[in-house]
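Student: Before anything else, here's the structure in question.
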Amino acid sequence: MAPETTTDEDRVRIFDTTLRDGEQSPGCTMDEETKIQIARSLADLNVDIIEAGFPIASPGDFNAVKRIATEIRGPIIAGLARCLPEDITRAGKATALAEKRRIHVFIGTSPVHREEKLHMTVIQIIDALVRSIKQALTFTTDVEFSPEDAGRTEDDVLKQVVAAALSAGARTVNIPDTVGYCWPGEYGDKIAMVRAVADSEGGKDAIVSVHCHNDLGLAVANSIAGMQHGARQVECSINGIGERSGNASLEEIVMALRTRKDAFGLYTGIETKRLLAISQQVAHATFPIQRNKAIVGDNAFAHEAGIHQDGMLKARSTYEIMRPEDVGRDGSTLVLGKHSGMSAVADRFKQFELPYKKNDHAVFSKIFKAVADSKAMNNKYVTDDELLQDVYFPAVVKMMGTFITKVQVTDKVNGRIAVILHTKDGTQIEGVASDEEEGEIDAIMNGMRKIIPNVEIPRDGFKTGMEGKGSNATAVSTFTIQNDYAVTQSAAHKNTQTAERQALIKTFNALYATEKYKELIAEAQE
Ligand code: KIV
Ligand code: ZN
């Protein structure tokens, strides 16, 4: 295991290529303004290098690189160029106004690139890259060289091109696994070999960089293997966007190094609390990420299984190896679904300060499972509102019983509407409207205040709407009433007045049952 303490030699530079390798992939094209905004966020994230684009590719790319170089301060701004004079001139011009800039030149070196694409020998390739690096050095001292498809380039050829690039003046040699072909052991060995060449040709200051594609899902693992073998720059992109299956994902690499510092002994300068926000920004500009994407996916810190939720409530480290706050998320979520257990459900009741006794587990659980199952059919979860309306209050009423059984509207008393509330113990309670302006709902509320003083309907605590059309139309009425608790319940009926009356009585009964349930728990504790 590497020691916990780290030195400058253990610092990994983050070279972000979201705006170049990322942007050039299907579904990721961005306009200039979007690129500027993302570049700004990358600077806030504290990446070391922003590869802003490929200036020769189009006038739009040139302008975007130029604007990023002009407006963004902090990171080095890099422009990509093939080993062609016009490419290098464009990259030089586009990055001219940067505070710090880099020109990144590349040429294919694997047999298939040499023979099928470039029709060049190794000697011709070395000649081209040396000339190009020298030309790039006329614009900046910071030149990076990449042998494209290094992953499939023979070791002896790779050693020759890397040595030539370093002696021509490149400061960074990047080893792309362009088609994501390597596996970690193999790629790690390759980086160790390149590092040895760099030590003899470029000196200790030469940086070896990794650039891995994800065709076999190994981009992050390969990048880390490379870093374990001496690479101190990693090329990666937000959300792993990039050609085909993408590049190595920046957020995964950064959090892997941070979370397993004990194993790797490496660190980056990234402000990790900004990871979620920039991931969402890039997803918005390109395409959504999958729910279970590591670090930034919706499910990355969400738990549904009962055993996991129970563990999380006892100690978060049972099922989480990172703190959600460290990547910019508010916290973990215990999602209530059909796999959830009563620990998470009861914990949610506790958050709402509702009385709950563990012994009554079975009643709550049965109702919860029925609601969660019906939601699962539509791939949905039980929301907090549903948990209260459809689970908690029905369960409490089931245990404590219905108190008001019927409402009867009687003759008017002194010209005011009057009702009789019939209760389960046989008493009849009269409710009378306070004046001639008040209606039936007010009369019922006045009767209810004789049972629980101070019950109120809060502002906006009552609504009735129609569902369905014509002869199928049904009125759905929802009331909230409160004293110690705020309780909301709904009822549906073809007749609007009946729906309202039933909803109000149902809501009151839930409130009454909750108060009685609380008393019962208190008595049991005495
Ligand atoms: O994957 C690759 O080879 C590249 C180079 C241009 C660095 O993106
Ligand atoms: Zn690439």
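The values are calculated or read from the model by the stated rules, or taken from the named source; none is laboratory data. Every value quoted in this text rests on a predicted model; they were computed, and no experiment measured them. Glycine gets a Cβ as well: all are built from the backbone with ideal geometry, and neighbour counts include every protein chain shown. Quick note on the areas: whole protein, heavy atoms, side chains included, nothing else; ligands and nucleic acids left out. Shrake-Rupley method; radii C 1.70, N 1.55, O 1.52, S 1.80 Å.
Student: Which length gain, in nm to one decimal place, applies between Gln37 and Arg449 when the Cα-Cα distance is subtracted from 0.36 nm times their residue separation?
Tutor: 142.5 nm
Student: Fully extended, how many nm does the chain gain between Lys93 and Ile457 (0.36 nm per residue separation, minus their Cα-Cα distance)?
Tutor: Numbers: separation 364, 0.36 × 364 = 131.04 nm, distance 6.90 nm.
Here the answer is 124.1 nm.
Student: I would also like to ask the following. Roughly what would the spin-label model give for Ala486 and Thr7, points 7 Å off Cα along C-beta, in nm?
Tutor: Spacing of the two 7 Å Cα→Cβ label points: 6.0 nm.
Student: Determine the calculated [θ] at 222 nm for the chain from helices alone, applying -39500 (n - 2.57) to every DSSP H run no shorter than 4 residues and normalising by the residue count; nearest 500 deg cm²/dmol. It would help to have the intermediate numbers written out before the result.
Tutor: Working: 16 runs with 202 residues, N = 526.
Counting only the DSSP helices, I get -12000 deg cm²/dmol.
Student: How high is the FRET efficiency from Glu437 to His493, r the C-beta distance, R0 30 Å, rounded to 0.05?
Tutor: Working from the Cβ atoms, E equals 0.75.
Student: Using a 1.4 Å probe on the protein heavy atoms only, what accessible surface does Arg131 show? Give it in Å² to the nearest 10.
Tutor: Answer for Arg131: close to 140 Å² accessible.
Student: Continuing with the same structure: Computed FRET efficiency, Cβ-Cβ of Thr423 and Gln280, R0 45 Å: what is it to the nearest 0.05?
Tutor: It comes to 0.25.
Student: Moving on. Taking only the C-alpha atoms, wrap a convex hull around region 11-283 and report its volume per residue in Å³ as a whole number. Present the calculation step by step, with values, prior to reporting the outcome.
Tutor: On the way: hull volume 29.9 nm³, N = 273.
Taking only Cα atoms, region 11-283 has a hull volume of 110 Å³ per residue.
Student: Which value, in debye to the nearest 20, describes the size of the charge dipole of the chain about its Cα centre when Lys and Arg Cβ atoms bear +1, Asp and Glu Cβ atoms bear -1, and nothing else is charged?
Tutor: About 440 debye.
Student: Run the quick spin-label model on Lys358 and Ser58: label points 7 Å from Cα toward the beta carbon, then report their separation in nm to one decimal.
Tutor: The modelled label-to-label distance comes out at 6.3 nm.
Student: Another question, then. Work out the charge dipole of the chain with +1 on the Cβ of Lys and Arg and -1 on the Cβ of Asp and Glu about the Cα centre, then indicate which of Thr498, Ala263, Ile72 is farthest towards its positive end.
Tutor: Thr498
Student: I've got another one for you. Under 5 Å between amide hydrogens, which residues at least 5 positions from Val210 or on another chain qualify, with H placed 1.01 Å from N in the peptide plane?
Tutor: Ile175, Gln233, Val234, Glu235
Student: While we're here: Mind checking region 331-424 for trypsin sites (Lys or Arg not before Pro) that DSSP puts in a loop (not H, G, I, E or B) and that have at most 12 other Cβ atoms within 10 Å?
Tutor: Lys380, Lys424
Student: Right, here's the next one. Considering the zone a paramagnetic label at Ala473 would reach in this model (a point 7 Å from Cα along the Cα-to-Cβ line), which residues of region 490-516 have amide N under 15 Å from it?
Tutor: 493-499
Student: Still on this structure, please answer the following. Looking at the chain, what % of its DSSP beta bridges pair antiparallel, to the nearest 5?
Tutor: The antiparallel fraction comes to roughly 45 percent.
Student: Find how much the distance from Lys366 to Asp44 grows on full extension, using 0.36 nm per residue of separation minus their present alpha carbon separation; answer in nm with one decimal.
Tutor: Working: separation 322, 0.36 × 322 = 115.92 nm, distance 4.95 nm.
In short, 111.0 nm is gained.
Student: At 7 Å along Cα-to-Cβ for each site, give me the label-to-label distance between Ala376 and Ala192 in nm.
Tutor: Distance between the two pseudo-spin positions: 4.9 nm.
Student: Angle check, please: helix 122-137 long axis (alpha carbons) against the longest principal axis of the chain (alpha carbons), in degrees 0 to 90, nearest 10.
Tutor: Long axis of 122-137 versus the principal axis of the chain: about 70 degrees.
Student: Would you mind working out the accessible area per residue for the chain, using a 1.4 Å probe, and quoting it in Å²?
Tutor: Details: 24110 Å² over 526 residues.
That works out to 46 Å² for each residue.
Student: Please report the carbon-and-sulfur percent of the accessible area for the chain; probe 1.4 Å, protein heavy atoms only, DNA, RNA and ligands left out. Please report the intermediate quantities before stating the final value.
Tutor: Numbers: 11850 of 24110 Å².
Percent of accessible area from carbon and sulfur atoms in the chain: 49.
Student: To continue, here is another question. Given region 404-525 reduced to its alpha-carbon atoms as identical point scatterers, what log10 I(q)/I(0) does the Debye formula return at q = 0.13, 0.23 Å⁻¹?
Tutor: Log10 of I(q)/I(0), two decimals: -0.55, -1.35.
Student: Given Val363, Leu387, Gly328, which one lies farthest toward the positive end of the charge dipole of region 310-416, if we put +1 on the Cβ of every Lys and Arg and -1 on the Cβ of every Asp and Glu?
Tutor: Val363
Student: Which chymotrypsin sites (Phe, Trp or Tyr not before Pro) does region 260-348 hold that lie in a coil by DSSP with at most 10 other beta carbons within 10 Å?
Tutor: Sparse-neighbourhood loop chymotrypsin sites (Phe, Trp or Tyr not before Pro): none present.
Student: What is the sum of charges, Lys and Arg at +1 and Asp and Glu at -1, for the other residues whose Cβ falls under 12 Å from the Cβ of Val210?
Tutor: Taking every other residue near Val210 into account, the sum is +2.
Student: Whole number please: convex hull volume per residue, Cα atoms of the chain, in Å³.
Tutor: 210 Å³
Student: Where in region 143-167 does the label zone of Glu115 land, with the point 7 angstrom along Cα→C-beta and an amide N cut-off under 14 Å?
Tutor: Residues 153-154 qualify, since their backbone N sits under 14 Å from the label point.
Student: Let me ask something else. For region 270-413, list log₁₀ I(q)/I(0) at each q in 0.12, 0.21 Å⁻¹, using the Debye formula over Cα point scatterers of equal strength and ignoring solvent, two decimals each.
Tutor: -0.62, -1.27
Student: If I take R0 = 30 Å and measure r between the Cβ atoms of Glu71 and Arg291 in this structure, what FRET efficiency does the formula 1/(1 + (r/R0)^6) give, to the nearest 0.05?
Tutor: About 0.30, to the nearest 0.05.
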